[in-house]
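Asks: Questions regarding the structure given below will be posed in turn.
The values are calculated or read from the model by the stated rules, or taken from the named source; none is laboratory data. Not measured: the values here are computed from a predicted model. Please note: Cβ atoms are built from the backbone with ideal geometry, for glycine as well, and neighbour counts cover all protein chains shown.
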Amino acid sequence: MSKKPIIVFEGIEGSGKSHHISVVSKYLNKKKIDYIKIREPGGNPSSEKIRKLILNNKSDFDKNTDLLLYLAARSENIKIIKKYYKKKIILIDRFTDSTIAYQHYGMGVDIKIIKLINRYLLKNISVNFTFLNLVNKQNLYLRLKKRKKLNRYDKFNMSFYNKVQNGFLKLANQKIKSYQIINSNMDIKLNEKLILKKIDELIF
């Protein structure tokens, strides 16, 4: 009988997190294991509307507005997460640590505010495991160049991405037992094997 953890995939743009969550989804489908997959911002019709607003290239929000929009999208997702919490495996493409990494370490929003609202939204819900995908400057820009369309968050300067990635690393060091760092500059197939091996440990 499989366990039902919440597993999150984190990382900056071009780090491969969305690729790996897709690989894990296919793996679980093949094993016929029930799961749900959510992305943030987004994940359901209401949150997807907020996602379009946040990532629109014409948007130019204050950092506090950005934070509140992300948390509003999360508020909509929490209803889904609560419904399936401990009943199905929940895969999430970005979650609470992204908000701290981007909005606090990247943009300088007070971390106390972020943690306060996250606690209010999540209550007794907790993440079981996080894969943090790291990418270097060269690969980040190469991968962004291959994208057909760039959103607002794909266009920050390298200084911002460095601050965010270093923020993720600080969070990983605080939760070392429930984090696995994936060096996405390495061979992608090797990383897929590493992640799927850990997935087996987490769910069986």
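Asks: Would a scan of region 65-77 turn up a residue that is crowded, with 19+ Cβ neighbours inside 10 Å, assigned to a strand (DSSP E or B) and in contact with a helix residue (DSSP H, G or I) (Cβ under 6 Å, 6 or more places away or on another chain)?
Replies: no
Asks: Name the residues in region 175-202 that are modelled with pLDDT under 95 and either part of a helix (DSSP H, G or I) or loosely packed, with under 11 Cβ neighbours inside 10 Å (or both), would you?
Replies: Once the filter is applied, which keeps residues that are modelled with pLDDT under 95 and either part of a helix (DSSP H, G or I) or loosely packed, with under 11 Cβ neighbours inside 10 Å (or both), region 175-202 yields 176, 177.
Asks: Next question. Can you tell me which residue in region 30-55 is nearest to residue 19 (Cα to Cα), limited to those that are among the aliphatic types (A, V, I, L, M) and in contact (Cβ under 8 Å) with a residue 40 or more places away in the chain?
Replies: Step one: list which residues in region 30-55 are among the aliphatic types (A, V, I, L, M), which gives 33, 36, 38, 50, 53-55.
Narrowing further to those that are in contact (Cβ under 8 Å) with a residue 40 or more places away in the chain: 33, 36, 38, 54-55.
Details: 33: 19, 36: 16, 38: 14, 54: 22, 55: 19 Å.
Checking each candidate, the answer is 38.
Asks: Select, from 85, 141, the only residue that is surrounded by 12 or more Cβ atoms within 10 Å (Cβ to Cβ), among the aromatic types (Phe, Trp, Tyr) and under 18 Å from the mean Cα position of the chain (by Cα). First the steps, then the outcome.
Replies: On the way: 141 fails: under 18 Å from the mean Cα position of the chain (by Cα).
Among 85, 141, only 85 is surrounded by 12 or more Cβ atoms within 10 Å (Cβ to Cβ), among the aromatic types (Phe, Trp, Tyr) and under 18 Å from the mean Cα position of the chain (by Cα).
Asks: Being in contact with a strand residue (DSSP E or B) (Cβ under 6 Å, 6 or more places away or on another chain) and in a loop (DSSP other than H, G, I, E, B) narrows it down to one residue among 109, 127; which is it? Working first, answer last.
Replies: Working: 109 fails: in contact with a strand residue (DSSP E or B) (Cβ under 6 Å, 6 or more places away or on another chain).
The match here is 127.
Asks: Name the pairs: first residue in region 1-12 and modelled with pLDDT of 95 or more, second residue polar (S, T, N, Q) and not in a strand (DSSP E or B), Cβ to Cβ under 7 Å, at least 6 apart or on different chains?
Replies: From region 1-12, the pairs are 5/128; 6/128; 7/128; 10/98; 12/165.
Asks: For region 79-93, does any single residue satisfy the condition of being closer than 23 Å to residue 115 by Cβ, in contact with a Leu (Cβ under 7 Å, 6 or more places away or on another chain) and of a type outside the set (Asp, Glu)?
Replies: Checked region 79-93: no residue is closer than 23 Å to residue 115 by Cβ, in contact with a Leu (Cβ under 7 Å, 6 or more places away or on another chain) and of a type outside the set (Asp, Glu).
Residues are listed down the side, and each one gets a yes or a no for (1) polar (S, T, N, Q); (2) within 30 Å of residue 79 (Cα to Cα); (3) under 17 Å from the mean Cα position of the chain (by Cα):
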site	(1), (2), (3)
104	no, yes, yes
110	no, yes, no
122	no, yes, yes
129	no, yes, yes
145	no, no, no
157	yes, no, no
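Asks: Of the residues 161, 153, 105, which is more than 28 Å from residue 187 (Cβ to Cβ), surrounded by 12 or more Cβ atoms within 10 Å (Cβ to Cβ) and among the hydroxyl-bearing types (Ser, Thr, Tyr)?
Replies: Values: 161 fails: more than 28 Å from residue 187 (Cβ to Cβ); 153 fails: more than 28 Å from residue 187 (Cβ to Cβ).
Testing whether each residue is more than 28 Å from residue 187 (Cβ to Cβ), surrounded by 12 or more Cβ atoms within 10 Å (Cβ to Cβ) and among the hydroxyl-bearing types (Ser, Thr, Tyr) leaves just 105.
Asks: Scan (1) over 24 Å from residue 21 (Cα atoms); (2) touching a residue at least 40 places away in the same chain (Cβ under 8 Å); (3) among the charged types (D, E, K, R); (4) assigned to a loop (DSSP other than H, G, I, E, B) for the single condition residue 58 breaks and write down its number.
Replies: Every listed condition holds for residue 58 apart from (2).
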